[in-house]
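These notes are about the structure you will find just below.
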Amino acid sequence: MNTIYVLWLRQLKRYIRSRTRIIGALGQPLLFMLALGFGFGPIYSKAGQGNYFQFLVPGIISQSILFTALFNGIEVIWDRQFGFLKETLVAPVSRLNIVIGRTLGGATIATFQGLIVFLLSLIFGFKTQSFGYFLIALIIMFLIALLFTAIGTAIASVMDDIHGFQLIMNFLVMPLFFLSGALFPLQGLPPAIKIVVFLNPLSFGVDGLRAALINVSTYGLFADLIILIVLSTIALSIGSYLFSKIQL
């Protein structure tokens, strides 16, 4: 447990020291939230769907978490190239504890990033249904972060090129985001798109956040929570296995 705590704390210290990283990760979510939220708001309202900004914010929070969580895996490659990972792996501790500590640290960072976006959305007029449900939303944020941090770690564990990792992440982030229902309602979609959205793990995070924050859901809050827990456990298991196979 001490190893997990130390690695978790190390990830947080890196995050706190990197002000550029914090500010940079907020740029795209804020652009989407303001440009789309207020730009398409009148059209959405005229279509009888209500307040688009309210609908959009949970999806933008998920996007912020997704981006930060996936790209956290780059630190595995970075540490490998500069020898820091070797120092960790040769220590007399379980590799499982190492990957759990790193993943929890990355997930905490991604959750903080999502929380910052949420707080900024309140400034621009977003309203959540209650404080109690916000606590559930915070759990969902952490589950999204844990799931995609584990996926990022798993991918990084089988790669040794930072540029290649970035290309793969850029290829994954936008499809995962756009095909999660973050920007549009899932009702009335073509069957093929509905299947793709259902197979997208981020969809359950977006849906769960909407259920908790604005009481709008397609799959149901309980189902979203269960699916996220199961997927996070599977991703963490795969990430731990691949990380344990790293050769230095």
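The values are calculated or read from the model by the stated rules, or taken from the named source; none is laboratory data. Everything numeric here is computed off the predicted structure, so don't read it as measured data. Neighbour counts run over all protein chains shown; Cβ positions are idealised from the backbone, glycine included.
Within the range 195-227, restricting attention to residues that are β-branched (Val, Ile, Thr) and part of a loop (DSSP other than H, G, I, E, B), the residue that is nearest to residue 176 (Cα to Cα) is 218. Pairs needed: first member in the range 125-144, under 17 Å from residue 111 (Cβ atoms); second member anywhere, in a helix (DSSP H, G or I) and among the acidic types (Asp, Glu); C-beta distance under 8 Å; at least 6 residues apart or different chains. Once the first residue is under 17 Å from residue 111 (Cβ atoms) and sits in the range 125-144, its partners that are in a helix (DSSP H, G or I) and among the acidic types (Asp, Glu) give 140/224. How do the pairs read when you match residues in the range 110-124 that are touching a residue at least 40 places away in the same chain (Cβ under 8 Å) with residues anywhere that are among the polar types (S, T, N, Q) and assigned to a helix (DSSP H, G or I), using Cβ under 7 Å and keeping only pairs 6 or more apart or on different chains? Note: pairs meeting the criteria are 110/68; 110/149; 113/64; 113/68; 114/64; 117/64.
Conditions tested, residue by residue: (1) part of a loop (DSSP other than H, G, I, E, B); (2) of a type outside the set (D, E, K, R); (3) in contact with a Gly (Cβ under 7 Å, 6 or more places away or on another chain); (4) closer than 13 Å to residue 70 by Cα.
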{"site": "148", "(1), (2), (3), (4)": "no, yes, no, yes"}
{"site": "159", "(1), (2), (3), (4)": "yes, yes, no, no"}
{"site": "163", "(1), (2), (3), (4)": "no, yes, no, no"}
{"site": "187", "(1), (2), (3), (4)": "yes, yes, no, no"}
{"site": "193", "(1), (2), (3), (4)": "no, yes, no, no"}
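Table: residues versus (1) among the basic types (Lys, Arg); (2) within 24 Å of residue 164 (Cα to Cα); (3) surrounded by fewer than 16 Cβ atoms within 10 Å (Cβ to Cβ); (4) modelled with pLDDT of 70 or more.
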| residue | (1), (2), (3), (4) |
| --- | --- |
| 35 | no, no, yes, yes |
| 66 | no, yes, no, yes |
| 80 | yes, yes, no, yes |
| 109 | no, yes, no, yes |
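Could you check the range 130-153 and list, in sequence order, the residues that are out of contact with any helix residue (DSSP H, G or I) (no Cβ under 6 Å at 6 or more places or on another chain) and under 23 Å from residue 32 (Cα atoms)? Result: 134, 138.
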